[in-house]
1. Given the conditions (1) over 13 Å from residue 82 (Cα atoms); (2) part of a loop (DSSP other than H, G, I, E, B); (3) open to solvent by 10 Å² or more (accessible area, probe 1.4 Å), which single one is not true for residue 96?
2. Within segment 14-64, track down each residue that is open to solvent by 50 Å² or more (accessible area, probe 1.4 Å) and part of a loop (DSSP other than H, G, I, E, B).
3. Can you tell me which residue in segment 110-140 is nearest to residue 74 (Cα to Cα), limited to those that are acidic (Asp, Glu) and open to solvent by 20 Å² or more (accessible area, probe 1.4 Å)?
4. Those residues that are in contact with a strand residue (DSSP E or B) (Cβ under 6 Å, 6 or more places away or on another chain), closer than 17 Å to residue 101 by Cα and either exposed (fewer than 15 other Cβ atoms within 10 Å of the Cβ) or polar (S, T, N, Q) (or both), I need them from segment 166-197; list them, please.
5. Which residue pairs have Cβ atoms closer than 8 Å, lie 6 or more positions apart in sequence or on different chains, and pair a first residue in segment 151-165 that is open to solvent by less than 40 Å² (accessible area, probe 1.4 Å) with a second residue that is at pLDDT 95 or above and among the charged types (D, E, K, R)?
6. Test each condition in (1) among the hydrophobic types (A, V, I, L, M, F, W, C); (2) touching a helix residue (DSSP H, G or I) at 6+ places or on another chain (Cβ under 7 Å); (3) under 20 Å from residue 126 (Cβ atoms) for residue 26 and report the one that comes out false.
7. With respect to residue 200, determine if the residue is over 22 Å from the mean Cα position of the chain (by Cα), open to solvent by 60 Å² or more (accessible area, probe 1.4 Å) and over 23 Å from residue 85 (Cβ atoms).
8. Residue 3 is checked against (1) in contact with a Leu (Cβ under 9 Å, 6 or more places away or on another chain); (2) part of a strand (DSSP E or B); (3) crowded, with 18+ Cβ neighbours inside 10 Å and fails just one. What number does that condition carry?
Amino acid sequence: MYDVVLTASWAPKRKLLNVPIPDYAVADPSTDGEMVIIDTVNGCEYDFWQIRKVYGHWYASWGNALPLDGTGVFEKGMSARGSGFALTGGVMWPHEFKNHAINHALVFTYDYTKSGGPVIPATESDGTSNTDIAIPEGALIQLNPNLNLSTLELTDYEHTIAVALQQYGMYLCDDGGGLELEAVNPLSFSDNLYDGLLPDVEYVSITHIPVSEFRVLKPPPQDGTSDPQIVKNRCAER
């Protein structure tokens, strides 16, 4: 158990207490030092941004937690993501590629995130773009459900992703370079569970899925009824 020191100047508290971090845990080198701890005993997810271990002590620019049985969305200003989504929300897992089935919506990052705030279910936004191709964080994007995937030269993993994008779509979760979907880093496992399922590269290409066939779905009414109900967060002891 560790008390993680929060170092960002805007952090409302200075520590996140009693976090169960395994000895083998490391930050994701392909992101901004993100790390997620899943505590199945107490039913909590701990999300960290720019986390590092120094002389046996853990420090993070930001960290927070929420219940595993909750909405998966933090209150405004409380998330490690620009949108307020939990870091594990919408990411892809090795077993999903092994089973050729992703039964949930995905998440993606995009470098033209719209200024002016988010749309539900996002609770916040770090979008700054005012271009015609800008999309608000929280927006749901769908691959044309009438597109015949058999006419495309899809790899097995691209087909698995494309089916999920037709059935469930993907939410814009954060500002980032290009258009990227997210999967759990193989460092999370003792063995590379993606072996034989995905190419052994840091950024896997999905260029056979046509971007021209994406559409932005109309967001739900902004009436406040969909705000995350995280009133008593049993996980975030600060």
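1. Of the numbered conditions (1) over 13 Å from residue 82 (Cα atoms); (2) part of a loop (DSSP other than H, G, I, E, B); (3) open to solvent by 10 Å² or more (accessible area, probe 1.4 Å), the odd one out for residue 96 is (2).
2. 14, 23, 24, 26, 29, 32, 40, 41, 42, 55
3. Going through the qualifying residues, I end up with 124.
4. Selection gives 166 alone.
5. Partner pairs satisfying both residue conditions: 160/96.
6. (3)
7. So residue 200 does not fit the description; no.
8. Residue 3 satisfies every listed condition except (3).
The values are calculated or read from the model by the stated rules, or taken from the named source; none is laboratory data. If you're wondering where the values come from, they're calculated on a predicted model, not measured in any experiment. FYI the Cβ positions are ideal-geometry reconstructions off the backbone, even for glycines, and counts take in every protein chain you see. Accessible surface areas use protein heavy atoms only, side chains included; no ligands, DNA or RNA. Shrake-Rupley method; radii C 1.70, N 1.55, O 1.52, S 1.80 Å.
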